[in-house]
Amino acid sequence: MVYLDYAATTPYNKDVLKTYTQLLEKYFYNADSIYSQGIEVNRLLEKSRGLLAKMLDVDEEEMIFTSCGSEANNMAIKGIAFQYQNRGKHIITTSIEHSSVYETCKELEEVFGFEVTYLPVDHTGHIQIDDLKKSLRNDTILVSVMCINNEVGSIQPIEEIKNVLKDHPLVKFHVDMVQALGKIKIDLKGIDCASFSAHKINGLKGSGLLFKRKSTTLVPLINGGQQEFGLRGGTSNACTYIVLAKTLRLALENFDQKEKYVSKLSKYLIKELQTIPDVIINTGGKVSSHIVNFSCIGYKPEVILHALEEKDILISTRSACSSKTSDVSRVMQQLHLPDEVAKSALRVSISNLTKEEEIDKFIYCLKEVLDSIKKQR
């Protein structure tokens, strides 16, 4: 099996899985129970929170455990919107956000009366800082911009956005960093909230994290308990939270070496793709080395995907969260690409676990599939 869909999810790290299994057997107790076993589970949970905070260079009370990146995005955006709506009801985001941000903003518009500005992007998926500056208003309370786009890999100018918002101290800044964790260096200075997910870094599904700066207040979305500083009621999924610290530590080990390897592999992949007729690379500009988006002009992407699947090669056509819709990806629609390019987009996403020979096999089989489909037409 050649797995080239790491942006959708990643295989479990064996050490993480082993630790998690051991924890489940021994520490099934409720972390909020006041007998010794519950207190021990809570101690381990708080130790994990502290380790995560240290690795991300923030305070312990700024780490909130969630079930996934989508929940973290919802918690940050809705929490800020409801908390600060007395200041204004204007939000700024981009037209190519993950569905958990985009649909949340749509709901705030349609149900709760907020006004949202969706910043446009260029053909490689990058916003322009001038567009952000022009969009800021006296009633703007939140800017939410993803760090790395999950379909085309574009890296947004987060540091430049921070600099712009220095002159707007009442505007909160949220960053979806789900695709960034473990891929690029994270700097949370100048950011009010940031969302993360474990299953993108060889960790457990159902495990996420929200960074919330102490100076930012959120209206909780889940009421009913004291857990997570009163922001997320419900019995703690303690073992999942405990193992997240190990997951992140392993993901950050030998960071520079891993990134150098993936960068080299990505350049090789793009070079090989460019040798194939009818293939256009959609990924460009400042991008993550882990994601390469390309189009096979004149071919249906789903047909290619399933033909490759028969050869034990797994890639994707778009974000896994919107893969079951039949229309063209919203992200691809926003890139100002010709229809034939947008409609035929495919995504390959790699990691430090990907081998060069897997890339070779993918390229060989892709050529074979395209020839085969061409003969059938």
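Of all the stretches in the chain, which is the longest one without any exposed loop site, taking GluC sites (Glu not before Pro) in a DSSP loop (any state but H, G, I, E, B) with at most 12 other Cβ atoms within 10 Å?
Counting only loop sites that pass the neighbour cut-off, the longest clear stretch is 1-252.
5 Å is the cut-off here: which amide hydrogens, built 1.01 Å from N in the peptide plane, fall below it relative to V143, excluding neighbours closer than 5 in sequence?
I92, K172, F173, H174
Angle between the Cα long axis of helix 255-273 and the longest principal axis of the chain, 0 to 90 degrees, nearest 10?
Compared with the principal axis, the helix lies near 30 degrees.
So between H123 and E159, what do we pick up on full extension, going 0.36 nm a residue minus the alpha carbon distance?
10.8 nm
On a 0 to 90 degree scale, rounded to 10, what angle separates helix 238-252 from the longest Cα axis of the chain?
Approximately 50 degrees, to the nearest 10.
Which shape class, rounded, prolate or oblate, goes with the chain when its Cα gyration tensor gives a ≥ b ≥ c as root eigenvalues, a/c under 1.5 marks rounded, and past that a/b bigger than b/c marks prolate?
The shape class here is oblate.
When the accessible area of the chain is split by element with a 1.4 Å probe, what percent falls to carbon and sulfur?
In the chain, the share of accessible area belonging to carbon and sulfur is 50 percent.
Enumerate by residue number the trypsin sites (Lys or Arg not before Pro) in segment 131-231 meeting two conditions: DSSP loop (anything except H, G, I, E, B), and at most 15 other Cβ atoms within 10 Å of the site's Cβ.
In loop regions of segment 131-231 (DSSP not H, G, I, E or B), the sparsely surrounded trypsin sites (Lys or Arg not before Pro) are R137, K166, K185, K189, K205, K214.
Which percentage, to the nearest 5, of the DSSP beta bridges contained in the chain is antiparallel?
55
Points 7 angstrom from Cα along the Cβ direction at N86 and I297: gap in nanometres?
My value for the distance between the label points is 5.8 nm.
If each residue of separation counts as 0.36 nm, what is the full-extension length gain between K355 and S33 once their alpha-carbon separation is subtracted?
Between K355 and S33, full extension yields 111.2 nm more.
Looking only at chymotrypsin sites (Phe, Trp or Tyr not before Pro) in DSSP loops with at most 15 other Cβ atoms within 10 Å, what is the longest site-free stretch of the chain?
Longest gap between qualifying sites, sites excluded: 113-377.
Testing the spin-label approximation: label points 7 Å from Cα along Cα→Cβ at K264 and E60. State their distance in nm.
4.1
So what is the calculated 222 nm ellipticity per residue for the chain, using -39500 (n - 2.57) for each DSSP H run with n of 4 or more, over all residues, to the nearest 500 deg cm²/dmol?
So the helix-based figure for the chain works out to -12500 deg cm²/dmol.
Write down the accessible area per residue of segment 1-142 in Å², having rolled a 1.4 Å probe over the full set of protein chains.
Roughly 47 Å² per residue, with all protein chains present.
Can you run phi through the Karplus equation (6.51, -1.76, 1.60; θ = phi - 60°) for segment 19-32 and list ³J(HN,Hα) in whole Hz, with x for Gly and Pro?
4, 4, 4, 5, 5, 4, 6, 9, 10, 7, 5, 6, 5, 9
Taking the chain as the reference, fit the longest principal axis to its C-alpha atoms, fit the long axis of helix 356-376 to the helix C-alpha atoms, and give the angle between the two in degrees, 0 to 90, nearest 10.
50
What are the ³J(HN,Hα) couplings of segment 139-147, residue after residue, when phi is run through the Karplus curve with 6.51, -1.76, 1.60 and θ = phi - 60°? Round to Hz, x for glycine and proline.
9, 6, 10, 8, 10, 10, 9, 6, 6
Output ³J(HN,Hα) for segment 121-137: one whole-Hz value per residue in order, computed from phi by the Karplus curve 6.51 cos²θ - 1.76 cosθ + 1.60 with θ = phi - 60°, and x for Gly and Pro.
Those phi angles translate into 10, 7, 5, 9, x, 10, 7, 9, 4, 4, 5, 5, 4, 5, 7, 5, 9 Hz.
What FRET efficiency, computed as 1/(1 + (r/R0)^6) with R0 = 35 Å and r the Cβ-Cβ distance, is obtained for K106 and D167, rounded to the nearest 0.05?
Efficiency, rounded to the nearest 0.05: 0.80.
The values are calculated or read from the model by the stated rules, or taken from the named source; none is laboratory data. Note that the structure is a prediction, hence the values are computed from the model and not measured. All Cβ positions, glycine included, derive from the backbone under ideal geometry; neighbour counts span all protein chains shown. Accessible surface areas use protein heavy atoms only, side chains included; no ligands, DNA or RNA. Shrake-Rupley method; radii C 1.70, N 1.55, O 1.52, S 1.80 Å.
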